[in-house]
Amino acid sequence: MAIYKVPDLSKLPDCIAVSKSGKCTRLTVYKCFGQKYSFKRTHKEEFNSIQCAYQRLASLNSSVQNYIATKYYGGYMPWNEECNI
């Protein structure tokens, strides 16, 4: 019988790609690479990146926004709600 060892998540970096089992969700690897992972992004960095993208989308004219919303978001424009925060 195999024994599954639960990883100590407190030793892993603050990264949005680390799952509750300690695996990386961005790469197809068994475990997290830690601080040496070049794609590591904290929750705050991810939030700021999304906010920046939403601000850019909100700055486009309405016809381009409608096109992007229809093609990628099913007609929904989340950037209009996020920019009002």
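Using C-alpha pairs under 8 Å with a sequence gap of at least 6, the mean separation divided by the residue count of the chain gives a relative contact order of 20 percent.
Axis of helix 62-73 versus longest Cα principal axis of the chain: the two differ by about 30°, to the nearest ten degrees. In the stretch 43-82, the convex hull through the Cα atoms has an average projected area of 2.7 nm², a quarter of its surface area. In the chain, helices alone account for a calculated mean residue ellipticity at 222 nm of -12000 deg cm²/dmol, with every DSSP H run of four or more residues adding -39,500 (n - 2.57).
Under 22 Å of direct C-alpha separation, and excluding same-chain neighbours fewer than eight residues apart, Lys31 reaches these lysines: Lys5, Lys11, Lys20, Lys23, Lys40.
Between Asp8 and Tyr76, what FRET efficiency follows from the Cβ-Cβ distance if R0 is 35 Å, with the result rounded to 0.05?
Numbers: r = 39 Å, r/R0 = 1.11.
After rounding to 0.05, the efficiency reads 0.35.
Of [x] 56, 45, 35; [y] 55, 21, 14; [z] 58, 25, 22, which is the value of Cα extents along the principal axes in Å derived from the coordinates here? Recomputing Cα extents along the principal axes in Å here picks out [z]. A simple spin-label model places pseudo-atoms 7 Å from Cα toward Cβ; at Lys23 and Ser59 they are separated by 3.9 nm.
Bear in mind that the values in this text are calculations on the coordinates, not laboratory data. Just so it is clear, the structure is predicted and the values come from calculations on it, not from any experiment. Neighbour counts are summed over all protein chains in view; Cβ atoms, including those assigned to glycine, are modelled from backbone coordinates with ideal geometry.
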